[in-house]
Every structure is written in structure tokens, then in C-alpha cells.
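S.K.: Got a structure here, written out as C-alpha cells. Questions coming.
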């Protein structure tokens with residue numbers, strides 16, 4: 001999702017609502033907790049290099065090298 005798309009979607013909501021994220025990804029889900037709820041505590045722009053491990057799982061390294069690209073990152077915590 002691009003920043004403009006997020007702004008557009010958020011702009012249609014009640015601005016007094018709190019924002020949370022959730023994930024049903026199998027890599028963090030358990031039988032007892034099929035999804036996880038996260039509180040969004042900030043948004044930053046950082047330069048990162050992205051890739052995938054041999055098993056296909058994504059990784060990111062904060063870096064300002066030539067392969068790095070700026071990304072808008074939504075910072076989340078599970079402690080809300």
C-alpha cells in the first residue's frame with residue numbers, strides 16, 4: 001500500500017478513533033491465538049534493504065547503502 005492510499009482510507013474514518021493492526025499470519029499464529037492485535041504507536045520513514053531468506057521469510061536491514069530504499073514504516077507494539 002502506498003502512503004497516499006493509506007491517507008485516503010484513513011481520511012474516510014472518524015479521526016478520533018484509535019488505530020490498531022492485526023495479523024493472522026501463520027508464522028505468528030497459534031491454536032490459542034489465531035491472530036495477534038497490535039497498537040500502532042508511530043510512523044517513520046527509514047532506509048532499508050529488503051530480501052528473503054532461503055525459506056522465503058522476509059527480512060529487512062536498516063541501511064543507507066546504495067541498495068537501500070526509503071520505506072514508510074508503521075511502528076506497532078503488542079503492549080497496549
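S.K.: From the list 29, 60, which residue is surrounded by 10 or more Cβ atoms within 10 Å (Cβ to Cβ) and in a loop (DSSP other than H, G, I, E, B)? Reasoning before the result, please.
M.R.: Details: 60 fails: in a loop (DSSP other than H, G, I, E, B).
Criteria check complete, one pass: 29.
S.K.: Would you mind stating whether residue 41 is surrounded by 11 or more Cβ atoms within 10 Å (Cβ to Cβ) and within 14 Å of the chain's Cα centre (by Cα)?
M.R.: Numbers: surrounded by 11 or more Cβ atoms within 10 Å (Cβ to Cβ): yes; within 14 Å of the chain's Cα centre (by Cα): yes.
So residue 41 passes the test.
S.K.: Within the set of pairs 6+ apart or on separate chains, which have a first residue in the range 51-80 that is more than 21 Å from residue 1 (Cβ to Cβ), a second that is loosely packed, with under 12 Cβ neighbours inside 10 Å, and C-beta atoms under 9 Å apart?
M.R.: 53/59; 61/51; 80/18; 80/20
S.K.: Related question: Among the numbered criteria (1) within 12 Å of the chain's Cα centre (by Cα); (2) part of a helix (DSSP H, G or I), which single criterion is violated by residue 22?
M.R.: (2)
S.K.: Inspect all residues belonging to the range 9-20 and state whether any of them is touching a strand residue (DSSP E or B) at 6+ places or on another chain (Cβ under 8 Å) and surrounded by 10 or more Cβ atoms within 10 Å (Cβ to Cβ). Show your work before the answer.
M.R.: Filtering the range 9-20 for residues touching a strand residue (DSSP E or B) at 6+ places or on another chain (Cβ under 8 Å) gives 18-20.
Okay, now just the ones that are also surrounded by 10 or more Cβ atoms within 10 Å (Cβ to Cβ), so 19-20.
Yes.
S.K.: Additional query: Collect the residues in the range 63-80 that are part of a strand (DSSP E or B), under 27 Å from residue 18 (Cα atoms) and either modelled with pLDDT under 90 or out of contact with any helix residue (DSSP H, G or I) (no Cβ under 6 Å at 6 or more places or on another chain) (or both), keeping them in residue-number order. Steps first, please.
M.R.: Residues of the range 63-80 part of a strand (DSSP E or B): 69-77.
Next cut, under 27 Å from residue 18 (Cα atoms) only: 70-77.
Answer for the range 63-80, where residues must be part of a strand (DSSP E or B), under 27 Å from residue 18 (Cα atoms) and either modelled with pLDDT under 90 or out of contact with any helix residue (DSSP H, G or I) (no Cβ under 6 Å at 6 or more places or on another chain) (or both): 70, 71, 73, 74, 75, 76, 77.
S.K.: Oh, and also: Kindly evaluate residue 42 against the criterion of being outside any loop (DSSP other than H, G, I, E, B) and free of Cβ contacts under 8 Å to residues at least 60 places away in the same chain. Step through it out loud before you land on a result.
M.R.: Values: outside any loop (DSSP other than H, G, I, E, B): yes; free of Cβ contacts under 8 Å to residues at least 60 places away in the same chain: yes.
The answer is yes for residue 42.
The values are calculated or read from the model by the stated rules, or taken from the named source; none is laboratory data. Note that the structure is predicted; figures quoted are calculated from it, not measured. Every residue, glycine as well, gets a Cβ built from its backbone with ideal geometry; the counts of neighbours run over all protein chains shown.
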